[in-house]
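Working notes for the structure below.
Coordinate-derived values only; no laboratory data. The shown structure was predicted, so the numbers you read here are calculated from the model rather than taken from an experiment.
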Amino acid sequence: MPASASGRPSRILVIKHGALGDFVMALGPAAAIRSHHAEAHITLLTTASYAGFARASGLFDDVWIDTRPRLVQVAALLDLRRRLRKGGFERVYDLQTSGRSSFYFRLFPATRRPEWSGIVQRGSHPHDNPARRGMHTIDRQADQLRRAGIDTVPAPSLDWVEADVGGFGLTPPYALLVPGGAAHRPRKRWPVSGYAGLAGRLSARGLAPVIIGGPDERAIAAEIAAACPSAVDLSGGTSLEQIAVLARGAVLAIGNDTGPMHMAAIAGCDCVVLFSAESDPDRTAPRGRAVKVLRREPLSALPADEVWRALDLP
């Protein structure tokens, strides 16, 4: 599809689904795309979980929700194809770079496909760096954009986030505990007993332990709160925006390799992140002002005293 009369694409599509950590790490590349295409109309294609957050960022002119239809869901797939074709997109930045998002390249007419930055080999700007699979997500996406003509990619930022957290009744100082993670990958979780012990030690040092997590993590949060009655259980009760604001006000955050820890790191909170062999910190560790990574396989072998020392409290 030809570019606008100015020679630059005037309608841009950015594709980003992903888990929470992946999504917030893509905010830097999204800001770079916004800056590089300052006059363009930019649409984000994402999942419903991140739509409101993305709209509030100001990085996109429109946000489309992708239901990610399966091949057997013919009507939904045809509807997605219709929307993509009617979008008038002249360039696509596929920041998801999955089999699904690459398949979307084929939903455009073969004779009128937009310029494409991603892993599609027939795209105009393929990210064919053979080292891409070993790169950290942030570095990989910056390299992808450089190959599409965007040389400057800032670090992800949550400075724009605003949210009211007064209703939680927190009195500083406090520390965030993030004991959960993907339910289908239990090996990424440090034992709940470890977090319960940390909560007690933090409380004894005058830091209120504040537990962050999704609705599915209420049981483990309740176990920690039962062991440490001074802990504040906010599991299932925070928006993405509130997590970012809470992280700004926290003395530190300690948690597993999971999305809220990426948010805490980007928000500028001191973080200690616990990894097992289930994921590679060289590729996926949160990045921020002050992030420490502890890794052990299995995570249950990581001593609580080692984690406590890593918090480096005065």
Extension gain from residue 147 to residue 295, taking 0.36 nm per residue of separation minus the Cα-Cα distance: 50.0 nm
Kirkwood hydrodynamic radius (C-alpha pairs) into Stokes-Einstein, the range 166-311, 25 °C and 0.890 mPa s, D in µm²/s: 166
The range 11-146, relative contact order [Cα under 8 Å, separation at least 6], %: 24
Check which residues have an amide H placed less than 5 Å from residue 157's amide H, if you skip close sequence neighbours. 28
Any helix of the chain counts here only if DSSP assigns it H throughout, its Cα atoms span 30 Å or more along the axis, and its mean Kyte-Doolittle hydropathy is at least -0.5, and such helices are none
To check my understanding: the extent here is largest minus smallest coordinate of the Cα atoms along each principal axis. What are those three numbers for the range 11-146, in Å, largest first? 37, 34, 29
State, as an integer percentage, the relative contact order of the range 134-226 based on alpha-carbon contacts under 8 Å between residues 6 or more apart. 27
List the residues whose amide H sits under 5 Å from the amide H of residue 136, counting only those 5 or more places along or on another chain, with H placed 1.01 Å from N in the peptide plane. none
Subtracting the Cα-Cα distance of residue 163 and residue 39 from 0.36 nm times their residue separation yields 41.7 nm
Which label belongs to the value computed from this structure, given these candidates for Rg/Rh (Cα atoms, Kirkwood Rh): (i) 1.07; (ii) 0.94; (iii) 1.01? (iii)
Using Cα pairs under 8 angstrom and six or more residues apart, how large is the relative contact order of the chain, in percent? 16
